[in-house]
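The values are calculated or read from the model by the stated rules, or taken from the named source; none is laboratory data. Computed from a prediction, not measured in an experiment: that's the story for all the values here. Neighbour counts are summed over all protein chains in view; Cβ atoms, including those assigned to glycine, are modelled from backbone coordinates with ideal geometry. The accessibility values were calculated without ligands, DNA or RNA, using every heavy atom of the protein model including side chains. Shrake-Rupley method; radii C 1.70, N 1.55, O 1.52, S 1.80 Å.
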Amino acid sequence: MTRPLARMAPEAVRAAPGSVLRALDTAAAVVLPGWWAPERAREAAAAVQAARDAWVPDFDGKQFCLGRAWYAHLETGRAGAYFASAEAGNSAVESALPGLQAHLREALAGFVDASVHQRPRWGGAGVHVFPAGGVCATDGGCVHFDHEGLTPGQRASRPAALSLVLCLQPPESGGGLWLWDVELGEPERAVGEPVEHVSRAGDLVVFSSYRLHQIQPFAGAVPRISATLHGAATPLGWESWF
Ligand SMILES: O=C(O)CCC(=O)C(=O)O
Ligand SMILES: [Fe+2]
């Protein structure tokens with residue numbers, strides 16, 4: 001059986017700390033339509049585009065990042081560069097989008113009803129830019145779990161771990177997020193149909209970082225821009241990184 005998406009109103013979620021994490025017991029993802037007003041998201045997307053000089057190319061320019069994305073650095077042999085420049089990345093995000101990193105950390109704290117601290121020396125929330133006409137647009141993203149930032153201890157103990165994706169600029173068409181009813185480490189079995197959410201500017205999607213997902217191909221002349229934060233439960237509240 002395919003797990004459904006749960007759509008929750010931002011006001012209801014703000015009034016009920018922990019409700020997003022609880023909903024994820026049975027949902028593939030929680031969608032918070034209009035977490036930001038569309039104008040706020042559009043202004044943020046414009047600020048990201050104006051900060052072009054601060055973008056870092058990932059995977060040879062298939063995608064770009066404002067801030068530093070750990071998985072992209074890890075997978076391309078730049079782990080050292082990640083830690084050497086995480087602070088500069090955080091400053092670039094803060095300069096283009098003041099308060100975004102703290103905002104997403106606070107949002108996560110409400111979703112799980114726990115304190116959230118930024119992992120020392122790691123990047124805070126950052127922004128992915130998938131160019132119009134690029135590889136992600138034509139082929140879609142890779143099918144993956146968001147597991148790269150989990151420590152070896154977390155891989156073993158498997159604490160709750162969430163990914164937050166805030167849509168700043170949707171593409172003109174396509175570019176939805178597919179999520180499967182498959183979790184990291186499950187024994188191999190037939191995979192059912194995915195569920196899809198096609199975000200509008202300002203929508204926030206929250207899902208287990210252990211859940212298989214993929215960005216769909218997209219069309220049009222504008223890049224697909226999304227802000228992301230990852231978090232996991234620890235014995236002392238939650239920690240977050242990007
Ligand atoms: O932008 C999105 O919708 C998801 C991005 C994603 O899956 C990732 O960066 O790991
Ligand atoms: Fe992902």
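Side notes on the structure shown:
- Separation of segment 93-130 from segment 208-242 is 11 Å, based on Cα centroids.
- Computed [θ] at 222 nm, deg cm²/dmol, the chain (DSSP H ≥ 4; -39,500 (n - 2.57); rounded to nearest 500): -8500 deg cm²/dmol
- The peptide list 93-100, 220-227, put in order of mean Cβ contacts within 10 Å with the highest first, becomes 220-227, 93-100.
- Dipole magnitude for segment 177-242: about 280 debye, using +1 per Lys or Arg Cβ and -1 per Asp or Glu Cβ, origin at the Cα centre.
- Its alpha carbons give segment 69-204 an Rg and a Dmax of 16.3, 46 Å.
- Dipole magnitude of the chain about its Cα centre (Cβ charges: Lys, Arg +1; Asp, Glu -1), debye to nearest 20: 260
- Selection from GLY175, GLY141, GLN154 lying farthest towards where the dipole of segment 121-186 points positive, charges on Cβ: GLN154
- Scalar couplings 3J(HN,Hα) for segment 128-145, obtained by applying the Karplus form with A = 6.51, B = -1.76, C = 1.60 to θ = phi - 60°, are 8, 10, 9, x, 4, x, x, 5, 5, 5, 7, 10, x, x, 7, 7, 7, 10 Hz; x denotes Gly and Pro.
- Rg [Å, one decimal], Dmax [Å, integer] - segment 2-135, C-alpha atoms: 16.4, 43
- Carbon/sulfur fraction of accessible area - segment 1-72, other protein chains in place, 1.4 Å, %: 55
- Comparing VAL20, VAL116, VAL191 in a Gaussian network model of the chain, where Cα atoms under 10 Å apart are tied by springs, the biggest mean-square fluctuation is seen for VAL191.
- Cα-based convex hull volume of the chain per residue, rounded to whole Å³: 120
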